[in-house]
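The values are calculated or read from the model by the stated rules, or taken from the named source; none is laboratory data. What you see is a predicted model; the values in this text were computed from it and never measured. Note that we place each Cβ from the backbone using ideal geometry, even for glycine, and neighbour counts take in every protein chain shown. Accessible surface is based on the protein model in full, side chains and every heavy atom, while ligands, DNA and RNA are left aside. Shrake-Rupley method; radii C 1.70, N 1.55, O 1.52, S 1.80 Å.
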Amino acid sequence: GRLKTDPADHDARLALAGLYASQRSYAAAMDELLEIVRRAREWRDGEARRQLLAIFELAAGDAALVAAYRRKLASALH
């Protein structure tokens, strides 16, 4: 898709993350959002980080998964 031709297409990546989240593929969704954070932390005033925090809530039943992605987010922000 569009991400293959333009890895910096954050809108496409955000849409893909939303699709994964809607299918409860939370790890895949969080991977896409983390990629936006790594590439452009302040894009849309931190939209990708906000979406990640929302998925942490959705995936709260899988504490180990959420903890792992909280660590990945923290390292991406530093």
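Computed values, structure above
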quantity	calculated
Net charge of Cβ neighbours under 10 Å - reference Tyr20; Lys, Arg +1; Asp, Glu -1	-1
Value of [θ]222 nm, deg cm²/dmol, for the chain, DSSP H segments ≥ 4, -39500 (n - 2.57) each, nearest 500	-23000 deg cm²/dmol
Accessible surface of the chain, 1.4 Å probe, proportion on carbon and sulfur as whole %	51 percent
Cut-off of 10 Å, at most 16 other beta carbons, DSSP loop: longest stretch of the chain lacking such trypsin sites (Lys or Arg not before Pro)	42-78
Average Cα contact separation per residue, the chain, under 8 Å, 6 or more apart, as relative contact order %	24 percent
